[in-house]
Structures are given as structure tokens and as C-alpha cells.
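Everything below concerns the one structure shown next.
The values are calculated or read from the model by the stated rules, or taken from the named source; none is laboratory data. Computed from a predicted model, the values in this text were never measured in an experiment. Note that we place each Cβ from the backbone using ideal geometry, even for glycine, and neighbour counts take in every protein chain shown.
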Amino acid sequence: MVTLQMLVVRLVLSRLEPLDFGKGVLVSIPAYLVCCLQSMLNTSARLIYRLKRSDHITDTLVSLHWLRVP
């Protein structure tokens, strides 16, 4: 599970790094992009823990030390 987690985190970060000029970049993004980001995090967590789409994701995100996107 640790290897899969590392691969998924690396994939997610590789998609976010071009946007990471600083934390302030995420402040002004449109709501639909925030939803896409949260969906990507949720899907990644489900992949790591092999959860169904109907399973609750909040506890899983906490266990991965990932915060929900407000």
C-alpha cells in the first residue's frame, strides 16, 4: 500500500506543480476547478485504500494527512 500511495501522491503532485507558484494561486481559482481538485484527491484516496465510490472519504483523507479543499 505504501508504494501505491507514493505513486499516487507523485502523480497528483506532478499535475499540481505547474500551478504551485505559491499557496495564493489556489485562492482565486474558479469553483469548478476546486471541485475537480477535490474529486482528484477523493479518487486518489479511494484508489489507495481500495474503497467503493459509496464509502465515506473524510476519514480516509485524514488518515492520509490530506486536507479537504474548502
Task: Looking only at the range 33-49, and only at residues there that are touching a Leu at 6+ places or on another chain (Cβ under 9 Å) and of a type in the set (V, I, T), the one that is surrounded by the most Cβ atoms within 10 Å (Cβ to Cβ) - done: I48
Open item on the list: Can you confirm whether L47 is among the aliphatic types (A, V, I, L, M), over 13 Å from V69 (Cα atoms) and at pLDDT 80 or above?
Closed with: yes
Open item on the list: Looking at the range 27-48, I want the residues that are within 22 Å of Q5 (Cα to Cα) and have a partner that is loosely packed, with under 15 Cβ neighbours inside 10 Å and of a type outside the set (V, I, T) with Cβ atoms under 6 Å, at least 6 apart or on another chain. Which pairs are those?
Closed with: I48/L4
- [ ] Please tell me if V69 is more than 10 Å from the chain's Cα centre (by Cα) and either at pLDDT below 85 or part of a helix (DSSP H, G or I) (or both).
- [x] no
TODO: Please give the number of the condition P30 fails out of (1) modelled with pLDDT of 80 or more; (2) surrounded by 10 or more Cβ atoms within 10 Å (Cβ to Cβ).
DONE: (2)
Task: Selected residue (criterion: nearest to S14 (Cα to Cα)) from residues of the range 44-66 that are in a loop (DSSP other than H, G, I, E, B) and either touching a strand residue (DSSP E or B) at 6+ places or on another chain (Cβ under 9 Å) or basic (K, R) (or both) - done: R50
